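Some notes on the structure that comes next.
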Amino acid sequence: MSAVQPEHPTVISGIGVSPGRVVAPAVLMPDPVAEPPSGRRLPPGTDYAAEAKRIGQASEVVRAELDAAADRAEGDSADVLHATAAIAADPSLVEDAEQRVLTDRLVPERAVWEAAEAVAAQFEALGGYFAERTQDIADVRDRLVAHLTGRPAPGVPAHEAPFVLVAADLAPAIVATLDTTRVLAIVTGTGGPTSHTAILARARGIPTVVAARGAEAVVHAEGLVLVDGSAGTVTVDPTDDQVAAARALADQVRTFDGHGRTSDGHAVALLANVGDPSDAAPAAAAGAEGIGLFRTEFGFLGRTEAPTIDEQVAAYREVLSAFPGRKVVVRTLDAGADKPLPFLTDDHEVNPALGVRGLRTAVRHPEVLQDQLTAIARAAEQERAEVWVMAPMVSTVDEAEQFVASCTKHGLDVAGVMIEVPSAALLAGPILAHAAFASIGTNDLTQYTMAADRLLGAVAELSDPWQPAVLHLVAAACAGGAQQGRPVGVCGEAAANPALAAVLVGLGVSSLSMTPRALPDVAALLAATTFDECRRLAQLALAASSAADARSIVRAALPVLDELGL
Ligand code: PEP
Ligand code: MG
């Protein structure tokens, strides 16, 4: 029993973006290191030599910290940390910074900042491997500045026991490299549910609540917090009963039997989203009934030219081979906006999310799409999966018709479209007169319906697939599908939220595609809910006047969520 407990622990509400309940001490992420003001100088009479010496001492401490972190890490991470430690110990960086203190009288932190910029510029000019190290120089610079100004070191703090990471915001790159045996849950004060931070957290199975306003201020370091990544709540100093209940639920290991259905037997195919081809086999092992979204652009990212047809065939075969006899929906390249490709994307667009992205790229670079369709067709011939192909960012009936015609020319007979733009949802009927199926990308559909950048924390409340306007468009898309007798699924992040999944089924979608980790929870909720209940929940959500109301009304109508710990 803990000694003193408040009767009513503080509960911060945010948006749950990755399910699971965790109770652990909080560790606060330090604020990023700010650039010391330019021209800040030491006052006359300062012992300049002593100030300059502090830089060498700081570099020793930072090098030792990084080497110690490298010793605790393994494989690639250890190599990266050792290489960064070497930059911290680099005498030219230290000497340059010392010189700026001695001759320019700069405060040591400003001197380090400027010296690091100079080194980074040299590395940049050298190109290749060196240019790739500029991020490490910035990391060393920030650590030196933090040390010299007496602030906590930037980045995820070292902490012995596993913890909940609480931050104002968190870059996707940090989430991608978090050690999941130590970071048990994430809470951010800002951030949107469809940002890549949220998508990565979900893919990595880290229970996460974003947009938990003020969490960084309310949560105290080392204090116990209960994070509920499904309900989107953060309970500060939970009671013993709450802790016991959360731990009991966390101990339940749920699996998926590979058959999505409601409690009265209405089938809902539960499929997996994959990016890297190596994700496909684990998705099959997790029981996925097929792949509902293969984000092929993952194979193009970071490349200066498109992968060859042979390279693409090999990547696609890896995915198809994991699902013999089952459906694999291959999405053609979705480049542009937040996934720019140097050889395709015009980086001078003022509004890239509204620019040449997705299928629009193919109009400018038809050869890239033709090569990709050739590769998909070849891979399909060599494997036994049932291959469906779909285009991202379709906005008009003409685009759908042309895409289907291109697929047909390549012998790809099941050609569909993603519905991510409101125009496509509203015209789903005429679009599906051409396309064999539709898959709703709720991440972008939400972004474009609400005019809210999916990457921007400041508009996180708008960027929420529970927004009734988004759900009305999902209903319109399903009506278009019903009109043409074509299946309509969902492959955006909304499909991975159990309560919202029930609403989507009630709106008429026939398949839900999600990160494989979400399959057991979504399956459990559907298996405990009748199809009629799903339809009633859909009506409740459509009638709500806000996303928050839709979410809370539906959750209140689904007491089984609590029983299942969802
Ligand atoms: C979507 O927009 O919902 C989607 C599935 O595509 P992506 O997240 O890759 O843009
Ligand atoms: Mg999209």
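Values computed for the structure shown
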| read-out | value |
| --- | --- |
| Residues within segment 395-434 that are of a type in the set (A, V, I, L, M, F, W, C), more than 18 Å from residue 334 (Cα to Cα) and more than 15 Å from ligand 1 (Cβ to nearest atom), tallied | 10 |
| Looking only at segment 207-233, and only at residues there that are closer than 22 Å to residue 525 by Cβ and hydrophobic (A, V, I, L, M, F, W, C), the one that is surrounded by the fewest Cβ atoms within 10 Å (Cβ to Cβ) | 231 |
| Enumeration of residues in segment 172-218 that are among the β-branched types (Val, Ile, Thr) and at pLDDT below 85 | 174, 175, 177, 190, 194, 197, 199 |
| Single residue of segment 290-332 satisfying the filter (in a loop (DSSP other than H, G, I, E, B) and under 16 Å from residue 379 (Cα atoms)) that is nearest to the chain's Cα centre (by Cα) | 332 |
| Out of 430, 392, 465, 422, sole residue that is surrounded by fewer than 24 Cβ atoms within 10 Å (Cβ to Cβ) and within 16 Å of ligand 2 (Cβ to nearest atom) | 422 |
| Residue 361 assigned to a loop (DSSP other than H, G, I, E, B) and either more than 30 Å from residue 255 (Cα to Cα) or at pLDDT below 95 (or both) | no |
| Subset of segment 323-368 (residues that are touching a strand residue (DSSP E or B) at 6+ places or on another chain (Cβ under 7 Å), within 13 Å of ligand 2 (Cβ to nearest atom) and in contact (Cβ under 8 Å) with a residue 60 or more places away in the chain) | 331, 332, 358 |
| Count of segment 439-451 residues which are hydrophobic (A, V, I, L, M, F, W, C) and either farther than 14 Å from residue 421 by Cβ or within 13 Å of ligand 2 (Cβ to nearest atom) (or both) | 2 |
| Residue pairs meeting the criteria (Cβ under 6 Å; at least 6 apart or on separate chains; first over 19 Å from residue 338 (Cβ atoms), in segment 417-446; second surrounded by fewer than 24 Cβ atoms within 10 Å (Cβ to Cβ) and among the basic types (Lys, Arg)) | 432/486; 437/486 |
| Residue in segment 33-40 that is surrounded by 13 or more Cβ atoms within 10 Å (Cβ to Cβ), in contact with a Pro (Cβ under 9 Å, 6 or more places away or on another chain) and assigned to a helix (DSSP H, G or I) present | no |
| Residues (basic (Lys, Arg) and either part of a helix (DSSP H, G or I) or open to solvent by less than 60 Å² (accessible area, probe 1.4 Å) (or both)) located in segment 126-165 | 133, 141, 143 |
| Residue in segment 80-94 that is of a type in the set (S, T, N, Q), more than 23 Å from residue 41 (Cα to Cα) and touching a residue at least 60 places away in the same chain (Cβ under 8 Å) present | no |
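Residue by residue, here is whether (1) among the aromatic types (Phe, Trp, Tyr); (2) within 16 Å of ligand 2 (Cβ to nearest atom); (3) at pLDDT 95 or above; (4) within 17 Å of residue 260 (Cα to Cα) holds:
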{"site": "477", "(1), (2), (3), (4)": "no, yes, yes, no"}
{"site": "484", "(1), (2), (3), (4)": "no, no, yes, no"}
{"site": "502", "(1), (2), (3), (4)": "no, no, yes, yes"}
{"site": "510", "(1), (2), (3), (4)": "no, no, yes, yes"}
{"site": "518", "(1), (2), (3), (4)": "no, no, no, yes"}
{"site": "532", "(1), (2), (3), (4)": "no, no, yes, yes"}
{"site": "546", "(1), (2), (3), (4)": "no, no, yes, no"}
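The values are calculated or read from the model by the stated rules, or taken from the named source; none is laboratory data. Quick caveat: nothing in here was measured; it's all calculated off a predicted structure. Positions of Cβ are generated from backbone atoms using ideal geometry, with glycine treated the same way; all protein chains shown enter the neighbour counts. Ligands, DNA and RNA are excluded from the accessible area calculation, which covers all protein heavy atoms including side chains. Shrake-Rupley method; radii C 1.70, N 1.55, O 1.52, S 1.80 Å.
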